[in-house]
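Read through the structure below, which is laid out as structure tokens, and then see the notes.
The values are calculated or read from the model by the stated rules, or taken from the named source; none is laboratory data. Keep in mind it's a predicted model, so treat the numbers as computed, not measured. In this analysis, Cβ positions are derived from the backbone assuming ideal geometry, glycine residues included, and neighbour counts consider all displayed protein chains. Side chains included, ligands, DNA and RNA excluded: accessible areas come from the protein's heavy atoms. Shrake-Rupley method; radii C 1.70, N 1.55, O 1.52, S 1.80 Å.
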Amino acid sequence: MIPFRSACFLCVALLLGAQEVVPLNLPAPPAGSATLQTALRARATVRALAGPAPSLAEASQLLWAAQGENRPGRRVAPSAHAKHPLELYLVTSGSPDLAAGLYHYLPSGHRLTRVADGTPRTLLGAVKGMQAWIQEAPSVFVMAGDPSRIGEGSAALNLTYYEGGAAAQGLLLQAAALGLGAGTAAGVDLEAVARTLGLPKGTQVLTLLPVGRVRP
Ligand SMILES: Cc1cc2nc3c(=O)[nH]c(=O)nc-3n(C[C@H](O)[C@H](O)[C@H](O)COP(=O)(O)O)c2cc1C
């Protein structure tokens, strides 16, 4: 008899394997919007989040701010030795132009690949002890990374977490600039999140970034 958690993992893994991977071209990030000063002043953890989930254009800007390329082969966030250990995922409950599901961001070409069905509630809600505001959020960006791309041991892990923090701040500032509510949360079973989402071996979840409309 397969334990329930293993069965879930198996299902997601099968889904990942079975679905044809067709990257979605994201709209180019606009050249200008709110000033950095405005975004810095507005950044705050918002846990009261309402739908609808970010549109394709909003998701595009948020993903780009965290891990997009701002010159050939180099990203908005700094990277130790430019090894780029980070992988950014999006779990969304869906908006009119971006269907619900689990997506993987491809910085090269600024594309998004849909890898599985699901929503924050169905995917993240399956993790024991998940915080309510995270599973109830319209969307959750999942900052993950593979430290082995940098090296071995705690030094590589520290650098990966450092880089994840820098990238997360970019996303949080972009959310503030767009007038969206957002936060970062690492006080959950991040290993269970990686298992539930069926992330590749060696890819660790660093933090979760719930995003939505600010609930009045
Ligand atoms: C590494 C890290 C982990 C965090 N984990 C959680 C968390 O698990 N749940 C939560 O509600 N907030 C979490 N937060 C958000 C903090 O509670 C929040 O940043 C702090 O209360 C300060 O509020 P502010 O972000 O509005 O300035 C985390 C923040 C950081 C930097």
Can you give me the ranges of the strands (runs of 3 or more DSSP E) entirely in segment 99-216 with at least 1 residues that are open to solvent by 20 Å² or more (accessible area, probe 1.4 Å) and away from the ligand (no atom under 15 Å from the Cβ)? 101-106, 111-116, 204-214
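Return the only residue of 59, 18, 7, 65 being open to solvent by less than 50 Å² (accessible area, probe 1.4 Å), away from the ligand (no atom under 16 Å from the Cβ) and modelled with pLDDT under 95.
Details: 59 fails: modelled with pLDDT under 95; 18 fails: open to solvent by less than 50 Å² (accessible area, probe 1.4 Å); 65 fails: modelled with pLDDT under 95.
Answer to the selection: 7.
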For segment 21-40, how many residues meet the condition of being surrounded by 14 or more Cβ atoms within 10 Å (Cβ to Cβ) and part of a helix (DSSP H, G or I)? 1
So residue 43 clears everything in (1) open to solvent by less than 60 Å² (accessible area, probe 1.4 Å); (2) in contact with a helix residue (DSSP H, G or I) (Cβ under 6 Å, 6 or more places away or on another chain); (3) within 16 Å of the ligand (Cβ to nearest atom) except one condition, right? Which one? (1)
